[in-house]
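The structure under discussion appears below in the form of structure tokens.
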Amino acid sequence: MPTSNRLGTVITVLNLKGGVGKTHTVWLLASACEERSQRMLAIDADTQGNLSNSFVRSQDTTAGIEALLDPADEPEPRNLILPTAYPSVDIIPSTPGLARFDLADQGEWEQADLHLSFVEPVAAVRELYDLVVFDCPPRLSLVSFAALCASDFVIVPLEAADWGAQGVMQVTAAVDYVRTRFNKRLELLGYLVSRFKRARAYQQNYLRQLREHFGESTFDTVVPDLALFEKSVTDAILLTRHSPASAEADVARRLLDEVAARAERLRRGRNAGGGPRIRHPRGTALERARGERSLA
Ligand SMILES: Nc1ncnc2c1ncn2[C@@H]1O[C@H](COP(=O)(O)OP(=O)(O)O)[C@@H](O)[C@H]1O
Ligand SMILES: [Mg+2]
């Protein structure tokens, strides 16, 4: 593994709903990173292991992220990293053993400080990568909290119709909680509209409402619902290799560009002494009612 001194931006991808494109967001980021020879570490924090299945064969996986949560184990984080078929993309896979450590009882894990399990391992490897991305399960269990505690930013993929859903607010509240208690670096990078069905008028309507509601916290990039996205996952070939000239590959490139630009903007704001710019759904609506400027 090469040594380097890269920026190592750490991002958690999280939503409490399944099937909204969390894993696909990581896939798109890996696609664009690979094409640009930017180094990315994907960390599969979901017991379902969808991301792992796309990148490595299960028989090649002996240990995975669960080793970092096991109080009886003290693995060298670099030993958990597996290469993929793509030289610039590595993965820490999830194994079936993760389920045993993905606790649901917050009191239990906080008492044992298990939510801080990823902090040092991530700090030990991040400078080898431009981007480190956690793919989370659709719940706020231990792994999701542990990922938030070790991250700089959070992306919340969601379907346009779900912008007001309880689960989205719970994620925002969890981000706030982690920032206040455990990781003051943590900021919302943005809400990413995923699986968007352009042809449906009601979806356009939802998108408009979502942008009004979340303002500049909404990514400009929208990921449409298109068969080619799914096909590249099924074929297990990163989109920029699978169909480099496609509009879908361009979405992956635009997403990575916007992720980098948003991260840079938030970092600059932080260095300039501005506080975190996470937007509360209700706060944003209130601000808009007061006529504040929105970039959406
Ligand atoms: N934009 C999209 N267009 C078409 N299919 C998609 C898109 N995003 C995700 N999918 C497919 O939908 C399914 C669920 O997406 P996934 O990213 O695994 O959701 P999550 O990780 O949130 O559960 C997968 O089969 C995936 O390939
Ligand atoms: Mg997933």
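The values are calculated or read from the model by the stated rules, or taken from the named source; none is laboratory data. What you are looking at is a predicted structure, and each value in this text was computed from that prediction instead of being measured. Note that each Cβ is placed from the backbone with ideal geometry, even for glycine, and that neighbours are counted across all protein chains shown.
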Check your understanding: Based on what the data block shows, is S217 among the polar types (S, T, N, Q), within 14 Å of ligand 1 (Cβ to nearest atom), crowded, with 17+ Cβ neighbours inside 10 Å and within 30 Å of V89 (Cβ to Cβ)?
Key -> no
Review point. Name the pairs: first residue in segment 93-104 and within 18 Å of Q59 (Cα to Cα), second residue modelled with pLDDT of 90 or more and of a type in the set (F, W, Y), Cβ to Cβ under 7 Å, at least 6 apart or on different chains?
Key: none
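Give the number of residues within segment 81-95 that are more than 17 Å from the chain's Cα centre (by Cα) and surrounded by 13 or more Cβ atoms within 10 Å (Cβ to Cβ).
7
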**Study point:** Residues within segment 120-140 that are within 16 Å of ligand 2 (Cβ to nearest atom) and assigned to a helix (DSSP H, G or I), tallied
**Key:** 0
Review point. Any chance segment 116-132 includes a residue that's within 25 Å of V193 (Cβ to Cβ) and hydrophobic (A, V, I, L, M, F, W, C)?
Key: yes
Check your understanding: Among S37, S52, which is the only one that is farther than 17 Å from A147 by Cβ and touching a residue at least 40 places away in the same chain (Cβ under 8 Å)?
Key -> S37
Review point. Is it the case that P157 is within 16 Å of ligand 2 (Cβ to nearest atom), surrounded by fewer than 19 Cβ atoms within 10 Å (Cβ to Cβ) and either more than 18 Å from the chain's Cα centre (by Cα) or not in a helix (DSSP H, G or I) (or both)?
Key: no
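Being within 18 Å of the chain's Cα centre (by Cα), among the polar types (S, T, N, Q), under 18 Å from T25 (Cβ atoms) and away from ligand 2 (no atom under 16 Å from the Cβ): is that true of T218 here?
yes
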Check your understanding: For segment 7-19, what are the residues that are crowded, with 24+ Cβ neighbours inside 10 Å and either free of Cβ contacts under 8 Å to residues at least 40 places away in the same chain or within 12 Å of ligand 1 (Cβ to nearest atom) (or both)?
Key -> V13, L14, N15
Practice item. Check whether at least one residue in segment 56-69 is within 12 Å of ligand 2 (Cβ to nearest atom) and modelled with pLDDT of 95 or more, and report yes or no. Key: no
Check your understanding: Name the residues in segment 176-203 that are part of a helix (DSSP H, G or I), more than 16 Å from ligand 1 (Cβ to nearest atom) and out of contact with any Asp or Glu (no Cβ under 8 Å at 6 or more places or on another chain), would you?
Key -> D176, Y177, V178, T180, R181, A201, Y202
Exercise for review: Scan segment 42-63 for residues that are within 14 Å of ligand 1 (Cβ to nearest atom), in contact with a helix residue (DSSP H, G or I) (Cβ under 7 Å, 6 or more places away or on another chain) and hydrophobic (A, V, I, L, M, F, W, C) and report the count.
Suggested key: 3
**Study point:** Residue list for segment 42-53, filter: surrounded by 24 or more Cβ atoms within 10 Å (Cβ to Cβ) and more than 10 Å from ligand 2 (Cβ to nearest atom)
**Key:** A42, I43, S52
Exercise for review: Say whether the condition of being over 23 Å from V20 (Cβ atoms) and hydrophobic (A, V, I, L, M, F, W, C) is met by at least one residue in segment 130-147.
Suggested key: no
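Need at least 2 residues that are under 21 Å from F196 (Cα atoms), in contact with an Asp or Glu (Cβ under 7 Å, 6 or more places away or on another chain) and of a type outside the set (K, R) per element, so show me which helices (runs of 4 or more DSSP H) inside segment 218-275 make the cut, counting only ones lying wholly within it. Outline the logic, then answer.
Numbers: elements: 227-234, 239-242, 247-271.
Filter on segment 218-275 gives 227-234, 239-242.
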**Study point:** Yes/no for E66 being more than 16 Å from ligand 1 (Cβ to nearest atom), within 22 Å of D235 (Cβ to Cβ) and in contact with a Lys or Arg (Cβ under 8 Å, 6 or more places away or on another chain)
**Key:** no
